[in-house]
Amino acid sequence: MRKEDLPKKIAVFPLSNFIIFPKTTVPLNIFEPRYIDMINDSMRSNKFIGMIQPKSSKEEDNFNPKLYRIGCLGKIISFKETEDGRYLIELKGLIRFETREEVTSEKKYREFNINFENFFDDLNEGKENIKFSDLELIFKDLKSLFEKRGFIINWKALEKQSLDETINALAMASPFTIEEKQVLLEAKNLDIRKNKISEILTTYTFDQYNNTTVQ
């Protein structure tokens, strides 16, 4: 994708505890009427949607929750309508963005003017240079945390992916908080993201150690 093809205004889908990264693909189940409208409009134009997190999961029922400023632009690459009127889509992450101001309109969903200035590196096709040995330590702790939280991950499939795909997939699927996931999304590059995952995991293992009670 070229810089000049990027939109200046996008519809945003605020989804709590959910992030996507550039070069990753995620499935979404769309059922709310306002987001059905959003998908319809997107499919008729450029197929773009901005994924962004609300600042608090407690505001999920609020029609206009406060949002983080950084999200990721996605493009609909697969679309299917179910018999009960839901949309099953696949969204491919393209580039992160920063919101400027909200656009006032008659639409049921929200739109923002955005800019991509700080994230043009996301459009580079090259893979980032990370060795698998860099991942071994955090991989072990992350696997342990996933299993303790009842998360099921196909680790064999992950190991067949490139390292940047693996790190981003684990960051997206991790049982971290909204704030922690936002930190990972905003990390400038993959190496920083890997280190942030490691830092977050350290706090989880530390808490787990401190909460151990001797009977």
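Odds and ends about this structure:
- Take the Cα of GLU102, step 7 Å toward its Cβ, do the same at LYS140, and the gap between the two points is 4.7 nm.
- Residues of segment 161-200 falling in the label zone of GLU32, defined by backbone nitrogen less than 19 Å from a point 7 Å along Cα to beta-carbon, are 178-179, 182.
- Taking PHE120, PHE18, PHE13 and counting other C-beta atoms within 10 Å, the order from fewest to most: PHE120, PHE18, PHE13
- Candidates per GluC sites (Glu not before Pro) in segment 7-108, loop by DSSP, up to 10 other Cβ within 10 Å: GLU83, GLU106
- Estimated FRET transfer efficiency when R0 is 41 angstrom, pair LYS47-SER16 (beta carbons, to 0.05): 0.95
- Residue order, fewest to most beta carbons within 10 Å, for ASP164, ASP84, ASP41: ASP84, ASP41, ASP164
- Over 24 Å (Cα to Cα) - which of LYS8/LYS188; LYS8/LYS194; LYS80/LYS143; LYS8/LYS75 fall in this group: LYS8/LYS194; LYS80/LYS143
Throughout, read-outs are computed from the coordinates displayed, never taken from laboratory work. Quick caveat: nothing in here was measured; it's all calculated off a predicted structure. Don't worry about glycine lacking a Cβ; one is built from the backbone with ideal geometry, like all the others, and counts go over all protein chains shown.
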